[in-house]
Structure formats: structure tokens, C-alpha cells
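Here's the structure, in C-alpha cells; my notes come after.
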Amino acid sequence: MSASPIASRPSLWPGPIGPGAFIAVMGPSGSGKDTLIGEARRRVDPDRTFFVRRIVTRPADGAAEDHDTMSREAFAAADAAGAFALCWTAHGLSYGLPAEVDDAVRHGRAAIANVSRAVLPLLRQRYRTVVAVHIFADPAILAERIARRGRESGEAIAARVARDPGISLAGDDIVRIDNGGELAVAVDRMVSTIEATLAPRP
């Protein structure tokens with residue numbers, strides 16, 4: 001099941017939100033998006049960045065990202081109340097980014113979040129500066145990492161690996177990070193991407 005954006009909330013400012021940026025981290029399951037985000041968080045300026053904690057209609061567990069959990073009913077109510085800057089559905093779950101993301105970008109910070117590729121067009125409409133980061137790894141590595149989570153069967157794992165979002169992330173403006181090798185190298189690349197986004201623009 002592919003991801004589907006639900007809505008893009010109206011901005012309090014006319015036009016795309018700035019002067020900060022949104023760094024959209026995307027990639028297949030098992031590519032290590034949350035690991036890279038977590039490691040980068042330790043190394044960048046906390047006053048200039050905002051690492052987004054997602055809201056998901058799935059219980060938190062040690063094998064998944066650290067997120068806030070809502071029931072389907074609570075999520076729908078929060079959505080209707082404008083609690084999310086952006087939300088989408090994927091694999092039978094609903095995902096939301098809190099409205100605080102907009103405030104962070106308005107105040108010049110870089111918001112960093114793990115998102116579905118399906119919401120990239122909405123992000124580019126909503127924020128003045130969007131940096132799309134594609135994390136990838138060899139399919140065999142992806143399958144091994146997913147299997148370690150213990151939540152899916154072999155057939156389900158194969159189907160998930162086949163849905164590599166990199167296929168549809170074409171373009172010279174995509175930052176690509178290979179996370180199939182030494183973790184430190186991939187983390188350095190992620191940190192340099194964030195820091196370049198924070199650099200003063202001419």
C-alpha cells in the first residue's frame with residue numbers, strides 16, 4: 001500500500017513558510033533513517049534545528065522509532081483540530097507532524113523529519129526551502145534489518161524491500177546517502193547536509 005497525503009494545513013503567513021527549512025528524510029524500511037537522524041541530532045546546533053517527533057497510530061516498541069502514539073479516533077480528532085502541520089497514511093497507519101514544525105521554520109530553524117515520499121510535493125508547497133534526503137542501502141541489507149525487527153514474515157519483507165522509494169526520487173536536487181556501509185560515513189554526510197542547510201544564504 002503506497003502512502004497517501006491527507007492534508008496540508010493552511011499557513012498563517014501568505015506563501016510558503018520560511019525563512020527556515022524543512023529537511024525531508026526518506027527511504028525504504030531498513031535503510032536506517034531514524035538511526036541517522038538520531039546520530040545527527042547529537043552533533044548539530046539544537047538552537048537552529050528542530051528534530052520532529054512524529055505521531056503515529058501504532059503503539060511504540062523497542063523495534064520501531066521513538067514516536068508519540070494516538071488511537072485512530074484521537075488522531076482524527078487532533079487532525080480536525082489543526083494539531084498537525086502535515087499528515088498522511090501508509091500501510092494502514094496514520095502519521096502526523098505536529099504544528100510546532102511550522103513555528104520552528106518561521107523562526108529560521110531547520111526541521112528534520114522522517115517522511116513518506118508521497119508528501120514531498122506538499123512539503124515543497126508549504127515550506128520555502130525543502131531539502132529532500134534519500135537514505136538507501138543494498139536490498140539484502142534492508143531485508144536483514146527488517147527481519148531483525150521480528151514484525152513481518154519473509155514474503156512481507158520481500159514486498160516491503162521491493163517498494164524502494166528511491167525509484168521515484170529522481171532529480172539533481174535529491175541528497176543521496178548510502179547507509180549500507182560504515183555508519184560514521186553516513187552520519188557525517190547527514191550532518192554536513194543539515195549544516196549546509198543552516199549556512200547563510202546569499
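Compared with the direct C-alpha span, the chain from HIS91 to ASP173 gains 26.8 nm at full extension, assuming 0.36 nm per residue.
Residues whose amide H comes within less than 5 Å of that of VAL131, counting only those at least five positions distant or on another chain, are PHE22, ILE23, ALA24 (H built at 1.01 Å from N in the peptide plane). Applying 0.36 nm per residue to the separation of GLU195 and ARG128 and subtracting their alpha-carbon distance, the gain on full extension is 22.4 nm. Given R0 = 35 Å, the distance between the Cβ atoms of ARG42 and ALA80 translates into a calculated FRET efficiency of 0.45.
Every read-out reported here was derived from the displayed coordinates using simple, explicitly stated rules and does not represent laboratory data. Because the structure is a prediction, the values reported are computed rather than measured. Note: ideal-geometry Cβ built from the backbone for every residue, glycine included; neighbour counts use all protein chains shown.
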